[in-house]
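To start, the structure itself, in structure tokens.
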Amino acid sequence: MRRPFLLAQLAPLMRILFDHGTPSGIAKALSGHQVTEAIERGWDRISNGELLELAEAAEFDILLTTDKGIRYQQNLHGRKIAIVVLGNSTWRVVRLYLDRIALAVNVATPGSYTEVEIPFN
């Protein structure tokens, strides 16, 4: 049985930005893509609006975030960057859903918004 997150190697290379709440362990499931954490760029303490602007200017393809309110707080219309929102940020739970996360990343298109449902138990 082939695990979907292994298909990341077959998907086109995407530049993915993890916001400050995204568990870094997810990066291993996204092999074949270039992952950067916001803290690496000094972007871990800026607002979502500024983060989106900087990420687009730096030509990131996807913002992977745990902020479920981003679509209500920011005008996402006309954005070039895809946004993938995780339903939970607890690594012990998130690690059980790496396939879902990788699939959401692999099918993301410019300007798309996707929420990955991850329960809290």
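Quick one: what pairs do we get from region 62-87, first residue more than 22 Å from His33 (Cα to Cα), second among the β-branched types (Val, Ile, Thr) and outside any strand (DSSP E or B), C-beta under 8 Å, 6+ apart or different chains?
Cβ pairs passing all conditions: Leu76/Ile70.
Within region 27-46, how many residues are within 16 Å of Ala108 (Cα to Cα) and crowded, with 20+ Cβ neighbours inside 10 Å?
Of the residues in region 27-46, 4 are within 16 Å of Ala108 (Cα to Cα) and crowded, with 20+ Cβ neighbours inside 10 Å.
Identify, please: which residue in region 79-99 is surrounded by fewer than 18 Cβ atoms within 10 Å (Cβ to Cβ) and of a type in the set (D, E, K, R) and is, among those, nearest to Asn48 (Cα to Cα)?
Among them, the one singled out is Lys80.
Tally time: how many residues in region 57-78 are surrounded by 18 or more Cβ atoms within 10 Å (Cβ to Cβ) and of a type outside the set (A, V, I, L, M)? Talk me through it step by step, then tell me what you get.
Going through region 57-78, the residues surrounded by 18 or more Cβ atoms within 10 Å (Cβ to Cβ) turn out to be 60-67, 70.
Retained after the next criterion (residues that are of a type outside the set (A, V, I, L, M)): 60-61, 65-67.
Total meeting the criteria: 5.
Which residue out of Gly49, Gly111 is on the phi > 0 side of the Ramachandran plot, surrounded by fewer than 19 Cβ atoms within 10 Å (Cβ to Cβ) and of a type outside the set (S, T, N, Q)?
On the way: Gly49 fails: on the phi > 0 side of the Ramachandran plot.
So the residue among Gly49, Gly111 that is on the phi > 0 side of the Ramachandran plot, surrounded by fewer than 19 Cβ atoms within 10 Å (Cβ to Cβ) and of a type outside the set (S, T, N, Q) is Gly111.
Every number in this text was worked out from the coordinates using simple rules, so none of it is lab data. Keep in mind it's a predicted model, so treat the numbers as computed, not measured. Cβ atoms come from the backbone with ideal geometry, glycine included; neighbour counts cover every protein chain shown.
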